[in-house]
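Below you'll find the structure, written out as structure tokens, and then a few comments.
No value in this document is a laboratory result; all are computed from the given coordinates. These numbers were taken from a predicted model, which means no experiment stands behind them. Methodologically, a virtual Cβ is constructed for each residue, glycine included, from the backbone with ideal geometry; neighbour enumeration extends over all protein chains shown.
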Amino acid sequence: MKPLSTVTYLKNNAKKVLPGFVCMSLGVFLIYFFSIILYSSIYEINQSYLNMLERVTSVRANTKNPISDKILSKIKGCSNVECIIPIISEIGGFEYKSPFFQIRTEGFNIFEEDMPKALKIFDMKLVEGKLPSPNSSELLIPLKIAKQNKIRIGDYIGKNPELNVILNKKYKVCGIIDGTVNIILTTNAGNLKREEVLKHNLIFYLKNNNNKMINNELTSMKESKVTIMDYKSAYDQMNEVLMIMNSLRVILNFIVIIVLCISIGNLSYILFLNRKDEFAILTAIGYKKTTIYKKLLKENIALNLLAFIVGIVFTIIVVRLLNIVVFEPKGQYVYSFDISSMVTAFLIPLFVSISNMISPLRNLKNMDHECLEI
Amino acid sequence: MIFKMESVNLVYDIGKEVQTFALKDINLSLDGNRFIGIMGPSGSGKSSLLYAMAGFKIPTSGKVCYGEIDYNKVSPSESAEIRRKDFGFIFQRHFLIDYMTVLENVLVPINDDSREAKIKAISILDKLGLAHLTSKKPYQLSGGQRQRVAIARALIGDPKVIFADEPTAALDHSSSIEVMKFIENYKKDKMIIVVTHDSCILQNANHVINMLDGAIVSIDKGRGGI
């Protein structure tokens, strides 16, 4: 190793740079941890609400009057509509507790023949039990909710506030499903006719999900007694919550970055002052100030990058341990790896590296050989 | 001529009632590989003369040239480049970098970790009786040993000129003689300029410049001409 290399400096000054290193790692941990918690929560919201509407569009009559024939014929006549699933009723739902939010998961009563279709559309797999038998008040519930509330196949659930369940009647859990959507399904059609149900509440699935012209056409019909809910309108509804969460994230990031810039900046400045003789002698024996400045910058960047990597790895380990010990037994899961959260956390070493160099740059610029007392 | 000084004045406290002349009307030309001593009492301007020649101190008036280079006309980075390539420095204090080993400190001016560079550094350290201390840190050495490491650092880049400001101030008498003998070995290949107030260490100097109150009062030409 060259005497003036970054590795030589860091290797020989491990104890001196340790406080700054620890501060930086903790800062990265804090930001990355908060970001992935937020990411996981948003993912859960999507899973309970938005993901469903990414795949299907919901059309529901607001009153007892049926959906107009104009709308129904538009849907039925659209070549891009792959299938239409009538919703017999909404049966209530669960409150799913993500690590930081409570999210409502809806339950739907659909026809027996639509059950496999619905599972396929929502990319759900039966992981335990069986599909509900018709008219027997049997229920499919998502794996996460089963884990969170310790519900097993054969359990009866109805209005159980202690389990955060409010359903319209008592159901027997017959199967557990898992996938990208949190949804509860049952099939209790009774004597209802498919065509009759279709006039009041339905969801439809598109062949080409990128072409959502039908949604725009339905919305433009402006039928006040019909609610048309697609991904875009649901996203707009959620946007307010997401904006609050994102604002919180920006504020936290800002505070952490400012605090770290000041605290690590001070630590670095003390280190710089302690090294004044070193820089003075390097200047005296003929090293240009730009060379010394580059040396400082490299040391700073290397240390901060190393602390960033350690902070990220530490967070991943902590989150995985938390998942095993705390979250997974409760049916919760926090993602430990997310690129956008890493990019957010990377702002810390970036800003700290830049701000740390301001004072040394000023000092170095004004430094002459006086401090060598020559 | 390696060094040429024409009507050089170095004044401190310009604009104040009492101005201090660190150097007063210095006219001097030095050339050749030889051992030059600068003698004088404390505050006589001997160190100022040395550092003016090295380009550290820019005179208030007059001209200092190294070869064809006028220090007034070169940028700080060019001046730094000259110092790094052509000059070696030994200061009153050792100014070793505390977190580096002896070997790393010696290699600092060339910032080289090649085998050849290390062999060269060790051979210089060996001549200074420090070969067994290469892996020690400066705080593990005595004052004399540190100063000898600083001498090795000054020699590693094969400088054309060695500037030594009171190099033996931190050493006892016998160590001083030993160190000076070592430095004198290089007088055939380099110009060595040593500032001191101890005439003993200039016994073998080719020339001695005597200074008082910032001015050259005499030049001992007994051992050659300046």
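Odds and ends about this structure:
- Across chain A, Cα pairs under 8 Å and at least six residues apart give a relative contact order of 29 percent.
- Likely footprinting exposure, B:Phe35, A:Phe33, fewest C-beta neighbours within 10 Å first: A:Phe33, B:Phe35
- Residue-averaged [θ]222 nm for the protein assembly as shown, counting only DSSP H segments that reach four residues, each worth -39500 (n - 2.57): -13500 deg cm²/dmol
- Cβ-derived FRET efficiency at R0 22 Å, B:Tyr139 paired with B:Glu81, nearest 0.05: 0.10
- Backbone phi angles across the stretch A:335-343, fed through the Karplus curve with coefficients 6.51, -1.76 and 1.60 (θ = phi - 60°), yield HN-Hα couplings of 5, 9, 10, 8, 4, 5, 5, 5, 4 Hz in residue order; Gly and Pro are listed as x.
- Neighbour net charge for A:Asn274 - beta-carbon separation under 12 angstrom, K R +1, D E -1: 0
- Peptide B:150-157 has a mean shielding of 1, counted as Cβ atoms of other protein chains within 10 Å of each residue's Cβ.
- Counting only other chain Cβ atoms within 10 Å of each residue's Cβ, the peptide A:275-285 averages 6.
- Computed on the stretch B:35-148, with alpha-carbon pairs under 8 angstrom and 6+ residues apart, the relative contact order is 19 percent.
- Here's the list of lysines a cross-link from A:Lys212 could span, going by alpha-carbon distance under 23 Å and ignoring same-chain residues fewer than 8 apart: A:Lys70, A:Lys74, A:Lys76, A:Lys117, A:Lys120, A:Lys199, A:Lys222, A:Lys225, A:Lys232.
- 3J(HN,Hα) along the stretch A:304-311, derived from phi through the Karplus expression 6.51 cos²θ - 1.76 cosθ + 1.60 where θ = phi - 60°, amounts to 5, 5, 4, 5, 4, 4, 4, x Hz, with x in place of Gly and Pro.
- Computed over chain B: relative contact order in percent, which uses C-alpha pairs under 8 Å that are six or more apart: 30
- Note on the stretch A:1-95: Rg/Rh from Cα positions, Kirkwood definition for Rh, rounded to two decimals, is 1.45.
- With eigenvalues of the C-alpha gyration tensor scaled by 5 and rooted, the stretch A:63-224, Å: 29, 17, 16
- Compactness of the protein assembly as shown - radius of gyration and Dmax, Cα, Å: 40.7, 130
- Each peptide in A:171-181, A:229-239, B:208-218 receives the mean, over its residues, of other Cβ atoms within 10 Å, and ordering these scores from highest gives A:171-181, B:208-218, A:229-239.
- HN-Hα J in Hz across the stretch A:2-14 - Karplus 6.51, -1.76, 1.60, θ = phi - 60°, x for Gly and Pro: 5, x, 9, 6, 4, 4, 4, 5, 5, 5, 7, 10, 3
- Amide H within-cut-off set for A:Tyr171, under 5 Å, with H built and near neighbours excluded: A:Ile157, A:Gly158
- Förster-model FRET efficiency, 30 Å R0, A:Asp123 and A:Ile251, C-beta, rounded to 0.05: 0.25
- Within 10 Å of each Cβ in B:91-104, the average number of Cβ atoms from other chains: 5
- Scanning residues 5 or more positions from A:Phe108 or on other chains, those with amide H under 5 Å from its amide H are A:Ile91, A:Ile184, A:Leu185, A:Thr186, with H placed 1.01 Å from N in the peptide plane.
- Proximal charge balance of B:Asn72 [Cβ under 15 Å; K/R count +1, D/E count -1]: 0
- The peptide list B:190-199, A:154-163, put in order of mean Cβ contacts within 10 Å with the highest first, becomes B:190-199, A:154-163.
- Exposure proxy ranking, count of Cβ atoms within 10 Å, fewest first, for A:Leu364, A:Leu303: A:Leu364, A:Leu303
- Between amide H atoms placed 1.01 Å from N, distances below 5 Å from B:Ile162 occur with B:Gly88, B:Met191, B:Ile192, B:Ile193, all of them 5 or more places distant or on a separate chain.
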